Amino acid sequence: MAALSAAHGTRDRVTPRASRFRIAGPNETDRHGTFPDCQRNANEEGEWLEITSEIWQVGGAGFTSPEDAAVYLIRCAGRAAVVDAGCGGHSDRLAANIRSCGVTPGQVEYLLLTHCHFDHTGGAQALAAEFGCPVVIHEQDAAALINGDSQRTAAHWYGRSMQPLQPDVMISDRTHPLPLGDRVVTAIHLPGHTPGSVVFQVPSDGLQVLFGQDVHGPLHADFGSDALAYRRSLTQMADLKADILCEGHYGIIEGAEQVRTFIRSFL
Ligand SMILES: [Zn+2]
């Protein structure tokens, strides 16, 4: 696919391409990914990486904190959704990055959580309060948040405690449509890494963009992981035929074949 170019106009800082993708996961390698020629930009308020003209990375390593999983922002026809929230140690920075993309609190329809893990949800409380948006998670991962379960959320892996959080919307269907402006974001339950892991898919700029935040796992008894379900989910995820995969720790993978190859490499 042709290079994904910036459409934000003049910015005062542009990070060289070689350093755009910072890997925070335990397997710190780009062996799987073919990364797009995205443009990372900044203004006086914050930093972001443009993925399509409607989708940005606004949090994660290199944006907020190395311990944060990637945080993505979607804006369609003036309505916005945030995918995951990081650990919460740099919530002010994350909020500033979201605002720097031109998104105001009244525009945010959802905070979409891919699963309960702390590096994706520790900042959910603060982000939802800042933007006044409902927190969405699959019902099978909801209890870990409601109970502040530091084992299921892996908060103790980060030397932290999970603060109890009551989600506003609990997905229970295999697929669940979430209207967003002139678009629909589709939540798809793909368990394995955790029981309530979901991916979100949305069309943008004529491409299918998939938010699959911990495609790579890992699997662990603390998480309630299910190896068989994980393998089945990877196969189903590969069959979604996404053109761009926005991952939690591996960056952004571009191209339908590259996305499929990346996903299937974990089978
Ligand atoms: Zn995880």
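Computed from the coordinates by the stated procedures, all read-outs in this text should not be read as laboratory data. Not measured: the values here are computed from a predicted model. We place every Cβ from the backbone using ideal geometry, glycine too, and count neighbours over all the protein chains shown.
For the chain, what is the mean residue ellipticity at 222 nm derived from helices alone (per DSSP H run of n ≥ 4: -39500 (n - 2.57); sum divided by total residues; nearest 500 deg cm²/dmol)? The partial results should precede the final answer.
Details: 6 runs with 51 residues, N = 267.
It lands at -5500 deg cm²/dmol.
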For this session: For the chain, build the charge dipole from Cβ charges (+1 Lys, Arg; -1 Asp, Glu) around the Cα centre, then report which of L145, Y230, A128 sits farthest towards its positive end.
Result: Y230
Seminar exercise, completed: Taking every C-alpha to C-alpha distance in the chain and binning by 5 Å from 0, the per-bin percentages run 1, 6, 15, 20, 22, 18, 12, 5, 1, 0
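Multiplying the sequence separation of D168 and L219 by 0.36 nm and subtracting their Cα-Cα distance, what value in nm do you get?
Details: separation 51, 0.36 × 51 = 18.36 nm, distance 2.71 nm.
Length gained, D168 through L219: 15.6 nm.
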Exercise. Across the stretch 224-234, in residue order, what do the Karplus-derived ³J(HN,Hα) couplings come to in whole Hz, using 6.51 cos²θ - 1.76 cosθ + 1.60 with θ = phi - 60° and x for Gly and Pro?
Worked result: x, 5, 9, 4, 5, 5, 4, 5, 5, 5, 4
Exercise. Residues with beta-carbon under 10 Å from that of Q213, excluding Q213: net charge, scoring Lys, Arg +1 and Asp, Glu -1?
Worked result: -4
